1. Can you tell me which condition residue C:291 does not meet? The list is (1) in a helix (DSSP H, G or I); (2) at pLDDT below 95; (3) within 14 Å of chain B (Cβ to nearest Cβ), and all the others hold.
2. Can you tell me which residues in the stretch B:106-126 are buried (at least 19 other Cβ atoms within 10 Å of the Cβ) and assigned to a loop (DSSP other than H, G, I, E, B)?
3. Looking at the structure I just gave you, is residue B:241 under 30 Å from residue A:166 (Cα atoms) and touching a residue at least 24 places away in the same chain (Cβ under 8 Å)?
4. Quick one: how many residues across the stretch A:215-240 are out of contact with any helix residue (DSSP H, G or I) (no Cβ under 8 Å at 6 or more places or on another chain) and more than 12 Å from chain B (Cβ to nearest Cβ)?
5. Considering only the stretch A:262-282, state which residues are out of contact with any helix residue (DSSP H, G or I) (no Cβ under 6 Å at 6 or more places or on another chain), in a helix (DSSP H, G or I) and either buried (at least 17 other Cβ atoms within 10 Å of the Cβ) or on the phi > 0 side of the Ramachandran plot (or both).
6. Limited to the stretch A:323-346, what total is found for residues that are assigned to a helix (DSSP H, G or I) and surrounded by fewer than 19 Cβ atoms within 10 Å (Cβ to Cβ)?
7. Looking at residue C:161 and the list (1) within 14 Å of chain A (Cβ to nearest Cβ); (2) surrounded by fewer than 19 Cβ atoms within 10 Å (Cβ to Cβ); (3) at pLDDT 90 or above; (4) over 22 Å from the mean Cα position of the chain (by Cα), which single condition is not satisfied?
8. Does the stretch C:113-127 hold any residues that are buried (at least 20 other Cβ atoms within 10 Å of the Cβ) and touching a residue at least 40 places away in the same chain (Cβ under 8 Å), and which are they?
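The values are calculated or read from the model by the stated rules, or taken from the named source; none is laboratory data. Note that the structure is predicted; figures quoted are calculated from it, not measured. Heads up, the Cβs are rebuilt from the backbone with ideal geometry, glycines too, and the neighbour counts pull from every protein chain shown.
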């Protein structure tokens, strides 16, 4: 009984939160630092840290220093909800993250109830369609990216049939569900639809399946290391058809891991440190110097998320939590006004983004951008 | 037919990976009734340690490999046995199994925080080229893994059956009390199996990581499949791990090809249940009499 | 795989070792519930939510404790059963508009029935193989939850799960719902307290201590093992039925195999076979990591190290440690040592 009391006392002490300091702007980053999303989450965290360091070095936002704390979501909805609630209780000015759509869906009502902006890294189409005015993306959604891929497959690759290889998690399934109707609209046949598991031991069977389908092109939508391993397995099985991807497949990590198996890979890139935009390249360089590896698109998203907060706060000229979300909604952030946003970004009313994107090809282990695509609604 | 052969060969190659990881399961189970839920992490970590040694000390690869491997065998062979297993073994299987679960979290998180959250390339000492077997492409890396899995099982069988030390080890596994009466240093024998287990994990890690990449989370999948393979093959037979691994690998590959790729994981598990109901001791396992 | 050298050491007779504990346990439960009723005042919604989550997980762990700690059966599917309960409740309440109370009962009933169907063939072979069959079952359930998007929402889950009313009182707020969870947890804990003391409970314990002797004493071992497993699974179903409205969103990830392992960890670390063990175990598994967040990125390593050291120092878990301390303090020798 005594122990129970002691436990209760300990609990109360452990879970009661210190009053937050008012002289700093507090950002709470709830992000996947363990579990299936750890790689993406770590990139996002690093990007956000880099942004905070940059902003503080230049005197902060409206003269106040920015403080950022990172809470691990464990890629688990229940834990994410706890962490977002904790951030809100601690008086977070804005919530950053998470990346995976399950954790986003489990936590977005919390920030909505607290009228706090939540700037996430998710690309799945669903969560901006629920009428939550406090959710914001940091990248194009799959619903925006996939039509570009379908158009590319039809007009540039001239593929009549495509093998679709996807990872069976919210990222891959979301992408697959978004591309299939686009392919149908473009009159492209799906030769084979291959689901793979995250962390799967070997991709030989999948590569054989793709090879036997005799598709004109292969659309690969997997997480980074699985992308690399699939490319290698495809090379071993002698697949010579064009490999088409969206952002991840042409990411720096995939190119590093896949080696020459990545040569010839083509596709659409939403965010890339190799894009022909000096600010992005500069960011990529500094990220690599600080963390020792190349940033993927999630690192860029983390950097942008913090700068979205900075831009909106300076725009409204006050630290107003609800006003932050109101300012972001429907805003156009120009890189000329706020260099930290890296590229011109239009935020739609539902939190979706519209911005330029790129078509790229991998040549000699390097991502080469050959076309810059305009915004969807110029 | 050529298609089927291709799937079969891909399955055997993957199965050899599972088998290599599963051997350790059966080995430590036999001598000390330890279920090591960190087995997957045991296979993940050596490659990470090698890369870490290279990164930290700027050592050349061979030296990094030596440091990493030596440190691993010392800590996770002998250290694991002395620090974790010894104090807990007499309290039954479960607390120890749970402790290995906690150990797996430590290893996984340690690799992530101490090394990298991202996958890294691990150099292969086998050329990455492929050859044609019955019209199907298979890489030399995979062939090496298959050969090594067989070689390791063969060597273990020979060691256990053909050497004095090995027979002492077997006696320890079968009946520690009698072995002790016969003057066999039981404790040292058990320690030896743990060191062998760690060494096998190193072999598996070095062979698998060039294909599977070195990443902190790799142990999860490898550990699960190795566990399934060990059950299917028979926990109390080292060669059961080989058979179990190959069966699971081939079934997995064929399931992905011919059944449904989103349910491919289910097929080996259904097989597992069927085997448990029909031949509970596993495909290659011995029946054990009920102890009262 | 042979039977382990039985889990006898895990499972000494409780109760008799601590005279008066039987009533003490009940008093502790009631007092604990009273404390928890008021504890969240001034704690903020985060603290309240974590306390609620702790209690919900405690229910699942309580079920597993019955299966493992009292009946000695290793189940690796407790999280999957929790998932069955959570999805049943979520689907019934959001899609069909069924009241939460009916959904709660149906979740328990369903998991109980599935427990019987699953346990029957497995236990026919040997009690030990339940672990493997439940391992397979756990993964199959997870695959179904993920793949059958038309029903379960697949990887995107089910959102906007409503919290129940209590006789017209809306339980929408964190504090109100927390108190509701406290009440449900108390009812389920007292039910288990009663069950353990009943002849059934004694039969479960006899099974764990020595199944063969139990059989020779005329206990229908198979029926009792099956029953213990099914009731333990039903508790997971109840926990799931509370988890869904607590988080207001579910997807397959909290019900994966690794979560089942984690629940097992909580049972053992809390002390298998102690009625209050699950609360301690879930405290370790749910609240400790939250509390350790101040340690930053190393918090999971610290958490796992604490568990590891705890188990090395005391394989009977925290409750075993407390019992040992108590025995020393009172100078009595514990049980059948």
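1. (3)
2. Within the stretch B:106-126, B:115, B:116, B:117, B:118, B:119, B:122 qualify.
3. no
4. Our first condition is that a residue be out of contact with any helix residue (DSSP H, G or I) (no Cβ under 8 Å at 6 or more places or on another chain); within the stretch A:215-240, this holds for A:215, A:226, A:240.
Checking the rest, the ones that are also more than 12 Å from chain B (Cβ to nearest Cβ) come to A:215, A:240.
Adding up the residues that qualify gives 2.
5. Scanning the stretch A:262-282 gives a single hit, A:280.
6. Residues of the stretch A:323-346 assigned to a helix (DSSP H, G or I): A:323-328, A:339-341.
Filter once more, so that each one left must be surrounded by fewer than 19 Cβ atoms within 10 Å (Cβ to Cβ): A:323, A:326, A:339.
Residues in the stretch A:323-346 being assigned to a helix (DSSP H, G or I) and surrounded by fewer than 19 Cβ atoms within 10 Å (Cβ to Cβ): 3 in total.
7. (2)
8. At the first step, the residues of the stretch C:113-127 found to be buried (at least 20 other Cβ atoms within 10 Å of the Cβ) are C:114-115, C:118-119, C:122-123, C:127.
Correct list: C:114, C:115, C:118, C:119, C:123, C:127.
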